[in-house]
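What follows is one structure encoded as structure tokens, with my remarks underneath.
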């Protein structure tokens, strides 16, 4: 998020414009999303029963994060430097650590 | 008309040839090419027929080539209409795509609303609406690509229309806010984030050629969607419940 804030034009190119490009660029975007899903999926290791949450959950969360970032960039949030990191962390933490821990993330101060 | 377009697509043709006893019987091919020369058909009928053929051609061509690589020439050839006829109906390729998109999106939205209204309690409304959408998309691959994948790639006005269309599901989710029992209010963008996750996963599954299996995502999607409102345990219980919910009479 800090990188996006520092360079909104590049953020728009990497997150928004890539969707209108060829399959090569979109494959790279998908690989990035898979990497994000891998990180999120690590949340299963925090659980007593890791198998109780599926890999699919991590992929939905990664998609939710990407979709939110995409929408916010298109809406000019990045240029206005409006922070929404806490909301992204909330959705990433929720399936693994529960509502209370996720809500705690909403209280974390912005990066700046 | 969405049914007619679906029947006019390659998938629709396949479905007609494999229809089983007891299933709804699709009518004959939608909007066939009109006979050449003088045929005495009313002008209104001809115009409607042409429009449906153009939209059907748009769906098929976009499914084959993608929106960005599709040209008006591809569409007119597939629809067996002249360029002049195309421009009598649509200002440009984008307008034609939006007409097709609106038709499919309106159909999905109305189906989801009707499914949701069959239930009194919110969690089952969410499940029913989502199940309806996934069932439609998995049974209509060309229309699934048209309304879920291509708008993201097309960008501009089409992508904006797609985002606005997704607001329908956002509203269904927002109705669940009174169910939230957490110590702090839900983040303002919870619903947009959840819908973004659903859309992103569906797009990836379609792009990977797994459109027919979309309805198998239902339990995972329902669980994640309900979790912010009901808590993880209750969300999991409802999502993994084997018994299909029964609509209220």
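The values are calculated or read from the model by the stated rules, or taken from the named source; none is laboratory data. Everything quoted here is computed from the prediction, not taken from an experiment. Glycine gets a Cβ as well: all are built from the backbone with ideal geometry, and neighbour counts include every protein chain shown.
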Inset, instruction - Restricting attention to helices (runs of 4 or more DSSP H) lying wholly within region B:1-99, give those where 2 or more residues are modelled with pLDDT of 90 or more, surrounded by 11 or more Cβ atoms within 10 Å (Cβ to Cβ) and assigned by TED's automatic domain parsing to the domain that holds residue B:206. - result: none
Legend entry - Those residues of region A:55-84 which are surrounded by fewer than 16 Cβ atoms within 10 Å (Cβ to Cβ) and touching a residue at least 24 places away in the same chain (Cβ under 8 Å), in sequence order: A:79, A:81, A:83
Inset, instruction - Within region B:112-119, identify whether any single residue is more than 24 Å from residue B:241 (Cβ to Cβ), touching a helix residue (DSSP H, G or I) at 6+ places or on another chain (Cβ under 6 Å) and either modelled with pLDDT of 95 or more or in a helix (DSSP H, G or I) (or both), and answer yes or no. - result: no
Legend entry - Exclusive hit being in a helix (DSSP H, G or I) and not assigned by TED's automatic domain parsing to the domain that holds residue B:64, set B:204, B:184: B:204
Legend entry - Which listed residue, of B:203, B:199, B:195, is facing another protein chain (nearest Cβ under 7 Å) and within 15 Å of the chain's Cα centre (by Cα): B:199
Inset, instruction - Mind counting the residues in region B:208-221 that are buried (at least 16 other Cβ atoms within 10 Å of the Cβ) and within 11 Å of chain A (Cβ to nearest Cβ)? - result: 5
Inset, instruction - Scan region A:36-54 for residues that are surrounded by fewer than 18 Cβ atoms within 10 Å (Cβ to Cβ), touching a helix residue (DSSP H, G or I) at 6+ places or on another chain (Cβ under 6 Å) and in contact (Cβ under 8 Å) with a residue 40 or more places away in the chain and jot them down. - result: A:46
Inset, instruction - Would you mind stating whether residue B:164 is over 16 Å from the mean Cα position of the chain (by Cα), in the same structural domain as residue B:227 (by TED's automatic domain parsing) and either surrounded by fewer than 18 Cβ atoms within 10 Å (Cβ to Cβ) or outside any helix (DSSP H, G or I) (or both)? - result: no
Legend entry - Those residues of region B:140-157 which are closer than 17 Å to residue A:71 by Cα and part of a helix (DSSP H, G or I), in sequence order: B:148, B:149, B:150, B:151, B:152, B:153, B:154, B:156, B:157
Legend entry - Scope region A:52-68; condition at pLDDT 85 or above and more than 21 Å from residue B:215 (Cα to Cα); matching residues: A:65, A:66
Legend entry - region A:2-20 residues that are in contact (Cβ under 8 Å) with a residue 60 or more places away in the chain, paired with ones that are outside any helix (DSSP H, G or I) (beta carbon under 7 Å, 6 or more apart): A:2/A:111; A:4/A:78; A:5/A:78; A:5/A:81; A:8/A:78; A:8/A:79; A:11/A:78
Legend entry - Condition met for residue A:102 (farther than 22 Å from residue B:222 by Cβ and part of a helix (DSSP H, G or I)): no
Inset, instruction - Only one of these is more than 26 Å from residue B:233 (Cβ to Cβ) and more than 11 Å from chain B (Cβ to nearest Cβ): A:30, A:83. Name it. - result: A:83
Legend entry - Tabulated pairs, region B:156-171, first within 11 Å of chain A (Cβ to nearest Cβ), second assigned to a helix (DSSP H, G or I) and surrounded by fewer than 17 Cβ atoms within 10 Å (Cβ to Cβ), C-beta under 9 angstrom, 6+ apart or interchain: B:156/A:20; B:156/B:94; B:158/B:94; B:159/A:20; B:159/A:74; B:160/A:74; B:163/A:74
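Out of all the residues in region A:91-103, which are at the interface with chain B (Cβ under 8 Å from one of its Cβ atoms) and under 10 Å from the mean Cα position of the chain (by Cα)?
The answer is A:91, and nothing else.
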